[in-house]
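Quick notes on the structure that follows.
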Amino acid sequence: MRSAPELAAGVASLPSTSSAFAATQAAWRFHANERVTLAALVAPLRAVGGQRLASSNAPFALLVHDWSKLTFHHPQGKRDLAQLTHATDVGSEATTALLVSAEDGSPLAPMEVHLKTAAGMLSTRPRARDGAHLEQVLPTMKASRHWGLSKPLVHVIDREADSVDHSRRWSAAGFKFLIRGDDRSVKWSGESRLLSTISGELKRQGKFRHVREVSYHDGTAQLWVAETSVILHRPAKKNVHGRRYEKAGRPLELRYIIVQLRDELGVVLAEWMLLSNVPPAWATAAELASCYYWRWRIESFFKLLKGHGQQLEHWQQETGPAVARRVLVAAMACVTVWHLQAEESAEALELKSLLVRLSGRQTKRSRPHTAPALLAGLWVLLSMLALLEHCDLDRLKTLAAQIRYQDTG
């Protein structure tokens, strides 16, 4: 799976002995083959994720959950697009659970993928059901117990997961989570307080401490962290079929971690209010702040699929199952690039520099090897190797010499 421009987002063929049409037809048959199950395609991804996780020194791993809307640029050629929000909002939605290293934030592999279509939910997990985003999380959590991973998981979710009811259910089922909270009311020091009020009080008490420098946009910022314990004590607010009601539950004690990005003058550039039931023995507040910072790996994965590498929304597959199969194949290409990105040996650095040169991409001095550039360069390298394997090198030199002679003549 190569890095493709928008106008050439079809399945490409290597310069082998078969024709381009034969390669296209073979790919079409593969993606349309009902015997090629999503469970079978995700198996090698899970195996690679488990192997790379085993070499990590962290006591746990991160499983980042997120959703991404797919707006296809040629919807008239798709047969089973779903209505997502309103009548004119038509497309698909990809749900991904991405395994990320808690040691350095390296993306390891997507472990579960769903695709919402008009015909229902297509999933790498058998009998997966469509539903609200947060209702999809607990079944994935339960399924993760059967992946054979060598380390426990901390489930990382963005602000959408700030739900009292779901936090109680996840905790009761024995799962560890790290979520970004809204400014809700909790019990702190025996009183009901807003999270923002607690943050201001901790700042006045001098509880924030400087952790390290982090990248922020095109520069750097200082990471400051404070921690305290809070209790979710209020009833959960539910909305079922337009009917609102409150659902009582047991008080849930959580770690409240406030993360601030400040400039050199101390001005707060960004703030995260994090809630977690991860034991302090597993990770400090500063380490959990880094874990949430690494949640953006899944956003980079979606960008690599949609705009920075695979051009998913320009694919020409007509059905949801075909798109879902191709997503998993494309994910394998992403995992290959991530594995190379994480390698720091002399041979890996040499290969990464070569791939960037072959890609023709411009990169920053601070980031000489990006995933889109490596993906594009890898396809060029594989094409060159296939060409040299199936073509006569002397004949290629003769043709090249003729072209140069004509250009100079």
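The values are calculated or read from the model by the stated rules, or taken from the named source; none is laboratory data. Being a predicted model, the structure only gives us computed values, none of them experimental. Backbone-built Cβ (ideal geometry, glycine too); neighbour counts: all protein chains shown.
Side notes on the structure shown:
- Looking only at residues of the stretch 149-162 that are in contact with a Lys or Arg (Cβ under 8 Å, 6 or more places away or on another chain) and not in a strand (DSSP E or B), we find that the one that is nearest to Arg255 (Cα to Cα) is Asp162.
Conditions tested, residue by residue: (1) under 14 Å from the mean Cα position of the chain (by Cα); (2) at negative phi; (3) surrounded by fewer than 16 Cβ atoms within 10 Å (Cβ to Cβ); (4) not basic (Lys, Arg).
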{"site": "His308", "(1), (2), (3), (4)": "yes, yes, no, yes"}
{"site": "His314", "(1), (2), (3), (4)": "no, yes, no, yes"}
{"site": "Arg361", "(1), (2), (3), (4)": "no, yes, no, no"}
{"site": "Pro368", "(1), (2), (3), (4)": "no, yes, yes, yes"}
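- Residue that is of a type in the set (Asp, Glu) and part of a helix (DSSP H, G or I), where the choices are Glu344, Glu318, Glu350: Glu350
- Selection within the stretch 27-86 - part of a strand (DSSP E or B) and either hydrophobic (A, V, I, L, M, F, W, C) or within 20 Å of the chain's Cα centre (by Cα) (or both): Ala61, Leu62, Leu63, Val64, His65, Asp66, Trp67, Ser68, Lys69, Leu70, Ala82
- Test: residue in the stretch 230-241 that is over 28 Å from Trp188 (Cα atoms), without any contact (Cβ under 8 Å) to a residue 60 or more places away in the chain and either exposed (fewer than 11 other Cβ atoms within 10 Å of the Cβ) or of a type outside the set (Ser, Thr, Tyr) (or both): yes
- Check on Leu375, more than 30 Å from Cys334 (Cβ to Cβ) and not assigned by TED's automatic domain parsing to the domain that holds Lys303: no
- Val100 meets each of the listed conditions (1) touching a Lys or Arg at 6+ places or on another chain (Cβ under 8 Å); (2) modelled with pLDDT under 95 apart from (2).
- Residue within the stretch 176-187 that is surrounded by 15 or more Cβ atoms within 10 Å (Cβ to Cβ) and not in a strand (DSSP E or B) present: yes
- Odd one out for Gly320 among (1) within 22 Å of Arg297 (Cα to Cα); (2) modelled with pLDDT of 90 or more: (1)
- Within the stretch 262-285, the set of residues being closer than 16 Å to Phe60 by Cα, surrounded by fewer than 18 Cβ atoms within 10 Å (Cβ to Cβ) and among the small types (Gly, Ala, Ser) comprises Ala281 only.
- Residues in the stretch 29-70 that are free of Cβ contacts under 8 Å to residues at least 24 places away in the same chain and surrounded by 14 or more Cβ atoms within 10 Å (Cβ to Cβ): Thr37 only.
- Annotation note: Cβ proximity below 6 Å between a residue of the stretch 360-377 that is among the β-branched types (Val, Ile, Thr) and a residue that is surrounded by fewer than 16 Cβ atoms within 10 Å (Cβ to Cβ) (sequence gap 6+ or interchain) occurs for Thr370/Thr363.
- Count - residues of the stretch 102-124 that are crowded, with 21+ Cβ neighbours inside 10 Å and either of a type outside the set (Val, Ile, Thr) or part of a loop (DSSP other than H, G, I, E, B) (or both): 13
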